[in-house]
Amino acid sequence: MKKLLAYEFRRILLPLCIFSAIAAVLYAVIALSTDFINVWYVPLDEYGEILIREEHPGDTLTYIPAVILCVLCTAVPAMQFSYRMKRRSVDLWYSLPVKRNELVLARTLSGLTLVLVPYTLSYWVGFAIIACSENLFHLSYYVPLFFASVPLSVLLFGINSFLFTRANTVGDGLLFIATWTFLLAMPFLYLSTYFYHSMPDEINSITNYISYAPLCWLFSGFSNAIRSGRIAIQDPALLYSLWSVIGAAAYFGLFFTAKKHPAENAGQISDSYFGYRVLIPAYLFFGACCAAGGSLFGYSSSSPVFDASSLVTLALL
């Protein structure tokens, strides 16, 4: 296992340097070209002849590390587990005297390194530039933001890795990540469309059920805190407890199914329940639910007959 880990970290050294350089330079260039103080001129009289200069906190740029983290958590799982998608590479790796669980563990650890090292370097480079620039921010909030984002990125990496490995080709794997990102939100989109007033406020926001939502809401909440000194994150109990459970289940599934992965499936159409056999009917069904409207088949959009019969018919067509 030690030799495998040593090989893995030698293998990722070049992409690690490239990702780190791109992320750090991108954040640094944007931070150096941004004004962190907004100047407003407010008229004191009705004719606008007397103006007073007001300064307000400007752009916190927290969306830059958020985008970097989301991109890395999407691209790196595809890089790390693409060896399962080609017959030659999967035969090579599975012929080695290494247990498949150990191989998945090594790829997961090196993948997390590919995510967290470029993110960490770029984050603190950007923070250093912001801190050295003239600003009106509560800079202390940048520190807890970083430490809160790390476990969320680990969870997102695990979710995307599990979804990607349900496929047998790289294209299918990326498609599974993209489609499952929004699939959990589809039922709540329908419910919030037709039963908004009868649903509890805690579950009305469909963005909570998108896999990238925990990171996005975290950075958004801390961006407001950096400006105002007060932090507010939407539905934190539901949002983070839900995705913590999903992330833990994804890691369990990733390692539990590793030893059962047949090499002959490489390059084939996926027959996983996390693949097309669920995605296509689910999107058809909930897409029809949201798009059908109230006149289809002569039923009201809130009618249980409409939900149970006509939409099932649409989904099967």
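The table that follows gives values for the structure above.
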item	result
Surface share of carbon and sulfur [accessible, 1.4 angstrom probe, percent] for region 1-155	67
Protection proxy ranking, peptides 100-111, 275-286, average beta carbon neighbours within 10 Å, highest first	100-111, 275-286
Region 128-198 - convex hull of alpha carbons, volume per residue in Å³	193
Around Phe36: net Lys/Arg minus Asp/Glu count, Cβ-Cβ under 9 Å	-3
All-pairs Cα distance distribution in region 111-169, expressed in whole percent, bin size 10 Å	19, 40, 24, 13, 5, 0
Normalised convex hull volume, region 76-177, alpha-carbon set, Å³ per residue	114
Local electrostatic count at Glu264 - Lys and Arg +1, Asp and Glu -1, tallied over other residues with Cβ under 12 Å	+1
Summed residue charge, Cβ within 13 Å of Phe274's Cβ, Lys/Arg positive, Asp/Glu negative	0
Rounded FRET efficiency, nearest 0.05, which uses the C-beta distance separating Leu191 from Ile18 and R0 of 41 Å	0.40
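The values are calculated or read from the model by the stated rules, or taken from the named source; none is laboratory data. Every value quoted in this text rests on a predicted model; they were computed, and no experiment measured them. Please note: Cβ atoms are built from the backbone with ideal geometry, for glycine as well, and neighbour counts cover all protein chains shown. Just the protein is used for accessible areas: all its heavy atoms, side chains included, with ligands, DNA and RNA removed. Shrake-Rupley method; radii C 1.70, N 1.55, O 1.52, S 1.80 Å.
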